Structure formats: C-alpha cells, structure tokens
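S.K.: Below you will find the structure I want to go over with you.
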Amino acid sequence: KAELWMSMANLCTKHPQETQAVGIDFEALVRGALNPKPVGWQILKEEDEAKEGDDDDDQKRKTENPLAHLGELEGTLWAKLADYYIRQGDFDMARSIYEEGMDAV
C-alpha cells in the first residue's frame, strides 16, 4: 500500500496542474489518508466486535492512534501535499500545510 501511495503522491506532486485538470483532488486524497473516517459498514463492524467482547486493549489501540496504519508515510504525505502547493506557486498554503504537518507528526 505504501508503495502505491508514494507513486500516486509523486505523480500528483510533480504534475499539479495536470492533476487538477483531470479532476483529482490531491489534497482531499491526502487528508482522507491522514484522517480516515470510518464508513457506515466499518462503524457497524466495530460495534459488533465490541458487543462480542473484543479485547479492550485492542479496541483502545484502535482509537488511541488512528494514524498507526501509516507509519513513516504520514510525514512524507504532509511534505508531498506542501510540495504540491509550492509547485502551484501557493506558498502561503504550502507553509500552512508544513505547519499543520509538524503539529500532527
């Protein structure tokens, strides 16, 4: 997964105008990966697991660090998103993204 994410991020970062032209919202993709929100079926699955008496420690780990699935990729995605805006000439937005990424990581 990480390799696919990096390939997509590299492509979008290197070609921001083309990315927008074909309708890809790179920021939404990156933010979706960084802040995953469970969809309906995932919420129901988690509720069912909790009812079945799933181990409390496992449940705590799931809620404590929602970005654990990204590992080292988290910081890289923040940097790629900032680079995306730099290549578009939007330096204020890039700086904001860097600051947000530093706070998050």
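Rule-based calculations on the coordinates, nothing more; no lab input. This is a predicted model, so every value here is computed, not measured. Virtual Cβ from ideal backbone geometry, glycine too; neighbours counted across all protein chains shown.
S.K.: Given a Förster distance of 35 angstrom, what is the FRET efficiency for residue 88 paired with residue 1, based on the Cβ-Cβ distance and rounded to 0.05?
M.R.: After rounding to 0.05, the efficiency reads 0.85.
S.K.: Still on this structure, I have one more. In nm, to one decimal, how far is the residue 10 label point from the residue 37 one, both placed 7 Å along Cα→Cβ?
M.R.: 3.2 nm
S.K.: Please give the net charge around residue 92, taking every other residue with its beta carbon less than 13 angstrom from that of residue 92, where Lys and Arg add +1 and Asp and Glu add -1.
M.R.: Around residue 92, the surrounding residues sum to -2.
S.K.: Another question, then. Test of understanding: what is the full-extension gain from residue 95 to residue 27, defined as 0.36 nm times their sequence separation minus their Cα-Cα distance?
M.R.: Difference between extended and current length: 23.0 nm.
S.K.: Would you mind putting 10-18, 74-82 in packing order, based on average other-beta-carbon counts within 10 Å, highest first?
M.R.: Sorting 10-18, 74-82 by mean packing, highest first, produces 74-82, 10-18.
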